[in-house]
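Presented below is the structure to which this report refers.
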Amino acid sequence: MVWVWTALGVVLALFLASLTPAGRDFRRRMMARMYDRTMRRYEARIGDRKRALFAALSGTVLEIGPGTGANFEFLPAAVTRWIGVEPNPHMHASLRAAAERQGIAAEFRSATTDAMAVDDASVDCVLSTLVLCSVPDPTAVARDVERVLRPGGKFVFIEHVGAPRGSTLRFFQSLVRPFWAYFADGCCPNRDLEQAIRDVGFASISVERFRIDREAGPAIIAPHIAGVAGKG
Ligand SMILES: C[S@@+](CC[C@H](N)C(=O)[O-])C[C@H]1O[C@@H](n2cnc3c(N)ncnc32)[C@H](O)[C@@H]1O
């Protein structure tokens, strides 16, 4: 019986240690290391959609949470400057390497979107893919996105979102959220991100809802939105 308590004690100690800054950093390192492998099938399935949607990008593009640089290969030639805000330092090496492979002179700004060191009305487009699920306050980030866009600028996004309220999938998304967020660097699968973006009051917005198939990823993150919001 003693070994059971000892094992439980060790598991609890490891869990508590993982909540410290050093523990969080370790989990982020693991996420960065496994990210490309985990996302390979997802990226293969969503590539065509990205190519079509990203055609809306041009000029100076600010990408929030670019991760390891999965979107570089889909940027059209009309993009003349790329600025990134990526808070996970363990992703930076892959991100820089990916930018180099695509011949993009990447620039980086302050680590998070919580206080983006980007001037008001200074970029033509903001790009976000699978990021608003992880930020502490998606509406605040979307508001900051609107702030940095020039008049006429565009916010281009693909995000996984919460299933309709009251659905069985939404119930399971909410149930697994604490575990999912723990292992996936704060990712919450049950967020109403279309509403968070609409709450900002963009002058125009077009949103398409779609689901990724089981090949691309688990059901819990199947519901997606993709769209463009324009600043008046
Ligand atoms: C699921 S990954 C998506 C990475 C990339 N956009 C892609 O599509 O492969 C989420 C990314 O958001 C970043 N992130 C998390 N919180 C953030 C914040 N507050 N501001 C900016 N990026 C953030 C993470 O570091 C991570 O790179």
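The values are calculated or read from the model by the stated rules, or taken from the named source; none is laboratory data. Bear in mind that the values here come from a model prediction, so they are computed numbers and not experimental data. Positions of Cβ are backbone-derived with ideal geometry, glycine not excepted, and every protein chain shown enters the neighbour counts. We work out accessible area using only protein heavy atoms, side chains counted, and drop any ligands, DNA or RNA first. Shrake-Rupley method; radii C 1.70, N 1.55, O 1.52, S 1.80 Å.
Overview of results
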quantity	calculated
Filter pass, residue 136 being within 10 Å of the ligand (Cβ to nearest atom), surrounded by fewer than 21 Cβ atoms within 10 Å (Cβ to Cβ) and not polar (S, T, N, Q)	yes
Out of 131, 61, 118, sole residue that is open to solvent by less than 50 Å² (accessible area, probe 1.4 Å), within 9 Å of the ligand (Cβ to nearest atom), touching an Asp or Glu at 6+ places or on another chain (Cβ under 9 Å) and not small (Gly, Ala, Ser)	131
In the stretch 101-143, the residues that are more than 20 Å from residue 57 (Cβ to Cβ) and in a helix (DSSP H, G or I)	114, 115, 138, 139, 140, 143
Restricting the stretch 175-195 to residues that are hydrophobic (A, V, I, L, M, F, W, C) and open to solvent by 60 Å² or more (accessible area, probe 1.4 Å), the residue that is nearest to residue 33 (Cα to Cα)	183
Residues satisfying the stated conditions in the stretch 5-35, i.e. open to solvent by 90 Å² or more (accessible area, probe 1.4 Å) and within 16 Å of the ligand (Cβ to nearest atom)	21, 24, 26, 29, 33, 34
Scope the stretch 26-65; condition over 24 Å from residue 224 (Cα atoms) and free of Cβ contacts under 8 Å to residues at least 12 places away in the same chain; matching residues	26, 30
Any chance residue 77 is open to solvent by 50 Å² or more (accessible area, probe 1.4 Å) and without any contact (Cβ under 8 Å) to a residue 12 or more places away in the chain	yes
Subset of the stretch 204-216 (residues that are under 23 Å from residue 31 (Cβ atoms) and surrounded by 15 or more Cβ atoms within 10 Å (Cβ to Cβ))	212, 216
Looking only at the stretch 77-111, and only at residues there that are near the ligand (Cβ under 10 Å from one of its atoms) and in contact with a Ser or Thr (Cβ under 7 Å, 6 or more places away or on another chain), the one that is nearest to residue 141 (Cα to Cα)	85
Of the criteria (1) in contact with a strand residue (DSSP E or B) (Cβ under 9 Å, 6 or more places away or on another chain); (2) under 24 Å from residue 52 (Cα atoms), which one residue 191 fails	(2)
Single residue of the stretch 36-46 satisfying the filter (under 20 Å from residue 223 (Cβ atoms) and within 12 Å of the ligand (Cβ to nearest atom)) that is surrounded by the most Cβ atoms within 10 Å (Cβ to Cβ)	46
Unmet criterion (only one of (1) part of a helix (DSSP H, G or I); (2) more than 19 Å from residue 160 (Cα to Cα)) for residue 38	(2)
Any pair with Cβ under 8 angstrom, 6 or more apart, that starts in the stretch 163-180 at a residue that is part of a helix (DSSP H, G or I) and ends at one that is open to solvent by 90 Å² or more (accessible area, probe 1.4 Å)	170/164
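Results for (1) within 15 Å of the ligand (Cβ to nearest atom); (2) at pLDDT below 95; (3) surrounded by fewer than 17 Cβ atoms within 10 Å (Cβ to Cβ); (4) farther than 26 Å from residue 76 by Cα, shown as yes or no for each residue.
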| residue | (1), (2), (3), (4) |
| --- | --- |
| 145 | yes, no, no, no |
| 157 | yes, no, no, no |
| 173 | no, no, no, yes |
| 197 | no, no, no, no |
| 202 | no, no, no, no |
| 229 | no, no, no, no |
